[in-house]
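Okay, so here's the structure we're looking at.
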Amino acid sequence: MDIEMFHFDAYCLDLAGARLLKNESTVALPPKALAALIYLVQQHGRLISKEELLDAVWGHRFVSQGVLKNTVTILRQALDDDPKTPRYIETVHRLGYRFIAEVRAAHASAMQTPAMATIAPDLDSPPLLVGRAGPLAKLGRLLEKSILGEPQLTFVTGEPGIGKTALIDAFSQSASHRVVTGHGQCVEQYGQGEPYLPVLEALNDLIRHDEARLSALLRQVAPTWLAQLPWYLNETDQTLMQQVMAGTTQMRMLREFGEFLGRCTAEQPLILVLEDLHWSDHATLDLLAYLARRKQPARWLILGSYRPEDVMLTGHDLKHVLRELQIQGLCTDLPLEPLSEAAIGEYLSQRFTDRDQTSNWARAIHSRTGGLPFFLVQLIETLQGEQGLDRDVAIQASALPEGVQQLLARQFERLSEDYRRVLEAACVAGSTFSAEAVAAALAIDNTDAEEYCENLANLRHFIHPATNSGLVGRYSFRHAFYQKFAYDRLPLLQCARLHLNVGEWLESARKRPEELAAELALHFERGRDWEKAVKYLQLAAGNAVGRHALHEAAQLLRRGLALLEDKLTGSPEYARYGTDLNTLYAMILQAIQGYGVDCLETIYARALSLVNQLGETQRLLRVLWGLWAFHYVRSNLELSLDYARQMQAEAEQAEDTAGLIGAHFALGTTYLNRGELDLALGHAQQCLALYDPDSHRTLFLLYTQDPGVCARYCLGLVVWLKGFPEQAMAVFDDALALAEDLGHPFSLAIALSAVTWQHVDRREPARVLERCEALERLAEEHSFLMWQAMATIMRGWAIAMLGQAEAGIVLIEQGLATWRATGSRWIEPRYLTLLAEAYAMGGRFDEGLKTLDEAFAKTELYGERRYEAEVYLLRGELLLQTGNESLEEAESCFQQALTVARGQGAKSLELRAAVGLTRLSRDLDLEDDASKLLGDVYAWFTEGWTTPDLLEAKTLLEVHGCSAEHFERHTTAA
């Protein structure tokens, strides 16, 4: 039987409430003094040595006997006890202390009806687990599969309080002799939260079981993950890890973690527990999806838990991930149902010895709690603390589930004011918190805060030691309900003050507070320090960008902008924060949704207005870049050219190399789309002359894409158009190699699209299909809508050219619709020529010609003339296939294509025009002139003899009685 209270004279020592009462009024006592009194009273009449009392109250920490003596003095003052004529605490010289007053113990029977006198749970034992035999057996079967090399991803689901954590803990404990377990937990944060937070926590927990082996294994196969756990690094490692992280990508982190799990479990199976995934970050979900799809054998079981209603109501990304995994059969769901009346009866029968009453109680409690385990336990524990209540009345009075607030309130109110204040500070500090954070929130001594927390944890009141942290002085709330209950009770002003205190403490206590930017932003926002909240939201977004978690970054920036406009419009820092937040937000939207999203123009206009108030060149350059990109992709080429020229002028005046690199790339690309190849070539070369892959490898943080990769894209296109296909392919290969070395996903997408486009331009559909796969995977992984659309269009063209015209048309139309949905108009005329060509392959010539009419109109409207000759060429080809009456019109198209290509200096397109005219010449009796024209153009080329265009030209020359070798000559390369 547990004892709840001790009475002596006018005093009552309330163990459950952790307080000393005198005539029903609380007597203030420090935590350690209260703990010492409890121990002395529990051992009343027995001599307690000083060493025993020190060990019982302070544990195994070194504490001098002077501290003990001071504590006894505090107790005597509180009890009004004279050490010379003691009534309560007697000193036995040189030996110790004895509590000498007569003590009356109040058991559970003193507070409840006789039938409930046998309620006496061991508070240090784990909760009884009933009604879960089925789920435990299923988990056991899944574990067996994983041990045999078939990895398992399982989700334990259910409403709050259903017992997800209890089930997982019981199962993990039962399997502990066979496997090692790492435990991680998601916490409620802004947006998606810190990337990989629960995984890193679980990994840290795992390493503590075998630090030497696992940290060495991480260093070998997963250095990007080891870099996230810097306390396992030495100075040499830290320098190396900085280099590793500079080139990391999300895909690299996923592959490394998969490899680590494979090698780690080769020696011993493991369970990874990731709780509360309804609060998970996007990156963690990507990792789970990757691991589920990984084909390699491994011996791991990942146990995740989440609340289905939270996922469905909030539209959390977990919903979409789960749907895909479930459709593919890559995960197992384990939904938990409320306890049945029989299960509750089993629970009560294990808690009470009066078995005759348990069936009646079970029925009443099941009716009130709905079988929710958390409410069940809370009801029983609350009834234990009540005196003189009839059981039936008590059960009926507990209106659950709404009544859980009242039940928790009763427990809370039984605590002394000091302990309530500690819990209020703790709930602000987080679901897991340190005693230092509590001390900072309350402005009290660290030692006092730790003593309060230790006592609460020892009494299992609301909190317990944070067993997974590996650090002394850290605690966790026993359940999310406890934290929420304490937090909801806080008055707004008190809540704000506590958040502000915690935020200021975290900020000052860390050498690099920006590492905790998301947490600091939360504290400062709720603490009503709006400027610091915006500052750390911006830093948190930057951290997310560095980890390639763009969705999280966008959410953080949206919150920062909302705060800025709502709270800081009159701040001196308004323009600076407004410029930075709007610019970064717009660039991230460009990356994940496309450059042509309608709201971008408004965002950039706002940023430009603000940056003009600052007069700072670097910020202005960034805004100008964004405006250039927006108008370029919307094919507003005159405006984009103006912004690119402004960039160049500002960068030259400020002697800003990074700005000049961006300006030259912007100018080169714009001139390319206008069909001004010589100007494009000059600016691309100037960009690459300034760009150094080593010193400029982080420019993607400024431009959201690497200018070195992009300039090579521009240069390769120009070189190909000018008639040097082999040199162009070498440039594209260099761009791809640089992007892969940088490890920046968006730049890699650009490089992959460049290489794939080159095979479209060279008319090599089989190679297009090969290249498309990598681009499609990358674009899907990072939700790059523009590149997904582009890959779909190129795949559709390739399929059509290989004989599946109708399937190809469907893909091109789908891709074009997605492309337009992003607001982008960039190279739309080129996409239309691919669609027209697919129509022609399917014999749908009228639709093809109609599509080319649209391409002509868009070319004139946008002034995008890079592929103007290609539109004329394809129109001529389609007219040839419609009948002899169109021959003269076809010749006019080929002649126009020839004129445009020559005007641009585009030899590759000039060759195609000459081929078209030569094929047409026999019907128009122009055979000699056309053959000479083709021979002259063919003779100009010095490379690329195996490309489809030059092979076709050679065949035509031979058909017309000319030897191709007669025309071949060598000229100077570009």
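The values are calculated or read from the model by the stated rules, or taken from the named source; none is laboratory data. Note that the coordinates shown come from a computational prediction; the quantities given were computed from them, not determined experimentally. Note that each Cβ is placed from the backbone with ideal geometry, even for glycine, and that neighbours are counted across all protein chains shown. To get the accessible areas, we keep the full protein, side chains included, count just its heavy atoms, and leave off ligands, DNA and RNA. Shrake-Rupley method; radii C 1.70, N 1.55, O 1.52, S 1.80 Å.
Residue 331 falls short on exactly one of the conditions (1) touching a Lys or Arg at 6+ places or on another chain (Cβ under 9 Å); (2) surrounded by fewer than 22 Cβ atoms within 10 Å (Cβ to Cβ); (3) closer than 30 Å to residue 371 by Cβ, and that condition is (1).
Within region 871-905, can you find the residues that are β-branched (Val, Ile, Thr) and either modelled with pLDDT of 95 or more or open to solvent by less than 40 Å² (accessible area, probe 1.4 Å) (or both)? Spell out how you get there, then give the answer.
First pass over region 871-905, keeping only residues β-branched (Val, Ile, Thr): 871, 882, 899-900.
Residues satisfying the conditions are 871, 899, 900.
Going by the conditions given, is residue 591 hydrophobic (A, V, I, L, M, F, W, C) and over 27 Å from the mean Cα position of the chain (by Cα)? Walk me through it before giving the result.
Working: hydrophobic (A, V, I, L, M, F, W, C): yes; over 27 Å from the mean Cα position of the chain (by Cα): no.
No: the conditions fail for residue 591.
The residues listed here are 325, 274; of these, the one that is surrounded by 14 or more Cβ atoms within 10 Å (Cβ to Cβ), assigned to a helix (DSSP H, G or I), among the hydrophobic types (A, V, I, L, M, F, W, C) and in the same structural domain as residue 146 (by the TED database) is 325. Can we say residue 665 is touching a residue at least 12 places away in the same chain (Cβ under 8 Å), under 27 Å from residue 550 (Cβ atoms) and open to solvent by less than 30 Å² (accessible area, probe 1.4 Å)? Yes: the conditions hold for residue 665.
Condition check ((1) touching a Gly at 6+ places or on another chain (Cβ under 8 Å); (2) closer than 20 Å to residue 591 by Cβ; (3) among the polar types (S, T, N, Q)) across all residues:
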residue	(1), (2), (3)
701	yes, yes, no
713	no, yes, no
726	yes, no, no
730	no, no, no
780	no, yes, no
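For the structure I just gave you, tell me whether residue 47 is crowded, with 20+ Cβ neighbours inside 10 Å and modelled with pLDDT of 80 or more. When the stated conditions are applied, residue 47 does not pass them.
Say whether the condition of being part of a loop (DSSP other than H, G, I, E, B) and open to solvent by 10 Å² or more (accessible area, probe 1.4 Å) is met by at least one residue in region 847-863.
Taking region 847-863 first, the residues part of a loop (DSSP other than H, G, I, E, B) are 863.
Within this subset, residues satisfying the condition of being open to solvent by 10 Å² or more (accessible area, probe 1.4 Å) are 863.
Yes, some residue in region 847-863 is part of a loop (DSSP other than H, G, I, E, B) and open to solvent by 10 Å² or more (accessible area, probe 1.4 Å).
As a summary of the residue check, residue 763 satisfies the conditions (1) open to solvent by 50 Å² or more (accessible area, probe 1.4 Å); (2) part of a loop (DSSP other than H, G, I, E, B); (3) farther than 15 Å from residue 793 by Cα except for the one numbered (3).
Only one of the listed residues (876, 823, 905, 863) is over 30 Å from residue 599 (Cα atoms) and in contact (Cβ under 8 Å) with a residue 60 or more places away in the chain. That residue is 905.
Taking the conditions exactly as written (of a type in the set (A, V, I, L, M) and touching an Asp or Glu at 6+ places or on another chain (Cβ under 9 Å)), does residue 821 satisfy them or not? Outline the logic, then answer.
Details: of a type in the set (A, V, I, L, M): yes; touching an Asp or Glu at 6+ places or on another chain (Cβ under 9 Å): no.
For residue 821, the condition - of a type in the set (A, V, I, L, M) and touching an Asp or Glu at 6+ places or on another chain (Cβ under 9 Å) - is not met.
Looking at 566, 580, 529 in this structure, which one is more than 20 Å from the chain's Cα centre (by Cα) and in contact (Cβ under 8 Å) with a residue 40 or more places away in the chain?
Working: 566 fails: in contact (Cβ under 8 Å) with a residue 40 or more places away in the chain; 529 fails: in contact (Cβ under 8 Å) with a residue 40 or more places away in the chain.
The unique qualifying residue is 580.
Kindly indicate the residue of region 1-27 that is of a type in the set (A, V, I, L, M, F, W, C) and surrounded by fewer than 14 Cβ atoms within 10 Å (Cβ to Cβ) and also modelled with the highest pLDDT among those meeting that condition. Please lay out each step first, then the result.
Of all residues in region 1-27, those of a type in the set (A, V, I, L, M, F, W, C) come to 1, 3, 5-6, 8, 10, 12-13, 15-16, 18, 20-21, 27.
Next, only the ones that are surrounded by fewer than 14 Cβ atoms within 10 Å (Cβ to Cβ) stay: 1, 10.
Working: 1: 41, 10: 89.
Applying the filter and picking the extreme gives 10.
Being in a helix (DSSP H, G or I), open to solvent by 30 Å² or more (accessible area, probe 1.4 Å) and closer than 20 Å to residue 599 by Cα is a description that applies to residue 622.
For residue 172, indicate whether it is surrounded by fewer than 21 Cβ atoms within 10 Å (Cβ to Cβ) and more than 24 Å from residue 311 (Cβ to Cβ). In short, no. The residues on offer are 689, 751, 737, and the sole one that is buried (at least 20 other Cβ atoms within 10 Å of the Cβ) and among the small types (Gly, Ala, Ser) is 751.
Where residues in region 812-845 are of a type in the set (D, E, K, R) and open to solvent by 30 Å² or more (accessible area, probe 1.4 Å), which of them is farthest from residue 717 (Cα to Cα)? Quick ask: steps written out before the conclusion?
First, the residues of region 812-845 that are of a type in the set (D, E, K, R): 813, 820, 825, 828, 830, 837, 844.
Checking which are open to solvent by 30 Å² or more (accessible area, probe 1.4 Å) leaves us with 813, 820, 825, 844.
Values: 813: 25, 820: 23, 825: 19, 844: 30 Å.
Restricting to residues being of a type in the set (D, E, K, R) and open to solvent by 30 Å² or more (accessible area, probe 1.4 Å), the top hit is 844.
If I go through region 690-732 residue by residue, how many of them are part of a loop (DSSP other than H, G, I, E, B) and of a type outside the set (Ser, Thr, Tyr)? Looking only at that region, the number is 11. Quick check: anything in region 767-788 open to solvent by less than 50 Å² (accessible area, probe 1.4 Å), closer than 30 Å to residue 648 by Cβ and not in a loop (DSSP other than H, G, I, E, B)? Yes, the conditions are met somewhere in region 767-788. Pairs are defined by a Cβ separation below 8 Å, a sequence spacing of at least 6 or placement on different chains, a first member in region 141-158 that is assigned by the TED database to the domain that holds residue 329, and a second member that is among the acidic types (Asp, Glu) and open to solvent by 30 Å² or more (accessible area, probe 1.4 Å); the pairs so defined are 154/333; 155/333; 157/333; 158/337. For residue 806, the stated conditions do not hold, so it cannot be described as open to solvent by 10 Å² or more (accessible area, probe 1.4 Å), in a helix (DSSP H, G or I) and without any contact (Cβ under 8 Å) to a residue 12 or more places away in the chain. Going through (1) over 21 Å from residue 255 (Cβ atoms); (2) over 16 Å from the mean Cα position of the chain (by Cα); (3) at pLDDT 85 or above; (4) surrounded by fewer than 17 Cβ atoms within 10 Å (Cβ to Cβ) one by one, residue 339 falls short only on (4).
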